[in-house]
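Quick note: the coordinates plus some simple rules give every number you see, no bench work behind them. Source: prediction; values computed, not measured. Neighbour counts run over all protein chains shown; Cβ positions are idealised from the backbone, glycine included.
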Amino acid sequence: MTCFCFKKGCGVFLNWLQLICYLTFLILLLYRIKILPAVSYLETERRIPKEKVVVKKRVPKEKVLKNIVIVIKEGSKPEVYTEEHEKMLGDHEEAWELMVDGYDDEKNRMYDEYAGKSCHQCRQKTIGHRTKCCKCTSVQGQLCGDCLFTRYGENVLEANANPFWVCPVCRDICNCNRCRRVKGWEPTGDLYKKTLYLGYKSVAHYLIHTRGPHGKQEDRDNETAGSPTDKEGEQLDEKDGDNMGEDEIKFEVGT
Ligand SMILES: [Zn+2]
Ligand SMILES: [Zn+2]
Ligand SMILES: [Zn+2]
């Protein structure tokens with residue numbers, strides 16, 4: 001056997017064959033380190049099969065707009081509005097910030113049996129501003145800031161600064177579950193965000209502008225009558241109003 005370095009007694013490599021073996025082993029080792037992912041022996045770090053990884057694609061806004069579907073169950077009587085109803089719609093100068101008044105830091109509503117006042121729309125006895133109607137001067141004229149803004153497009157602070165403010169019930173435009181049922185109409189369910197995307201200030205503006213004398217048929221085309229199994233309206237029996245806590249809008253998005 002001849003030593004690789006040709007020095008007598010070196011003993012590093014015994015021969016060419018051994019050198020080739022060492023180099024091959026070294027190359028294979030480097031190759032493995034480079035191409036293979038790090039191996040984890042922890043149970044919690046198991047690799048997820050590629051097919052199970054769901055990639056959430058961003059949906060372009062135009063596509064979302066096209067696919068907004070509003071579901072209102074067909075009532076026993078037709079829902080129609082006149083020009084008078086259109087005139088009764090309110091407005092706001094300053095936008096009302098939702099989920100602040102009457103909410104704690106964790107966005108939970110603050111219920112108070114004694115200090116709280118009920119809201120005609122959402123029927124929740126929480127603390128926070130409430131409207132006062134100069135006409136009925138009763139609890140039916142009490143609405144919380146969030147309901148007044150999402151369902152009628154008005155700001156509770158501006159309403160309270162106006163001594164002649166009249167509540168939606170007295171204006172005959174109330175869209176709460178109870179008032180709608182009295183008229184033979186089904187509850188609307190959560191509509192605020194959908195109507196906002198369609199370009200309306202509030203649920204009342206949407207309902208009256210699509211069903212009034214200047215009704216926009218193209219927006220009503222986005223509606224479906226709803227199926228008997230549709231629970232949206234039923235859920236709101238206990239909690240009327242729009243669910244402001246819902247971050248995502250359940251649009252039916254086409255692919
Ligand atoms: Zn309310
Ligand atoms: Zn009133
Ligand atoms: Zn009502």
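Give the residue that is farthest from Cys122 (Cα to Cα), with candidates limited to residues of segment 157-200 that are basic (Lys, Arg) and in a helix (DSSP H, G or I).
The selected residue is Lys194.
Restricting to segment 177-211, name every residue that is within 16 Å of ligand 1 (Cβ to nearest atom) and within 16 Å of Leu89 (Cβ to Cβ).
Cys179, Thr188, Leu191, Tyr192, Ser202, Val203, Ala204 - these are the residues of segment 177-211 that are within 16 Å of ligand 1 (Cβ to nearest atom) and within 16 Å of Leu89 (Cβ to Cβ).
Is it true that Met99 is under 23 Å from the mean Cα position of the chain (by Cα) and either more than 28 Å from Glu223 (Cβ to Cβ) or charged (D, E, K, R) (or both)?
It is false that Met99 is under 23 Å from the mean Cα position of the chain (by Cα) and either more than 28 Å from Glu223 (Cβ to Cβ) or charged (D, E, K, R) (or both).
Can you run down the residue pairs with Cβ atoms below 9 Å, 6 or more apart or on separate chains, where the first is in segment 167-181 and among the aliphatic types (A, V, I, L, M) and the partner is more than 8 Å from ligand 3 (Cβ to nearest atom) and not in a loop (DSSP other than H, G, I, E, B)?
Partner pairs satisfying both residue conditions: Val169/Gly141; Ile173/His85; Ile173/Met88; Ile173/Tyr152; Ile173/Ala204; Ile173/Leu207; Ile173/Ile208.
For segment 162-184, which positions are closer than 16 Å to Lys73 by Cβ and buried (at least 22 other Cβ atoms within 10 Å of the Cβ)?
If the condition is that a residue be closer than 16 Å to Lys73 by Cβ and buried (at least 22 other Cβ atoms within 10 Å of the Cβ), then Asn175, Cys176, Asn177 are the ones that fit.
If Thr131 satisfies every condition in (1) closer than 28 Å to Val69 by Cα; (2) within 13 Å of ligand 2 (Cβ to nearest atom); (3) crowded, with 23+ Cβ neighbours inside 10 Å but one, which is the exception?
(1)
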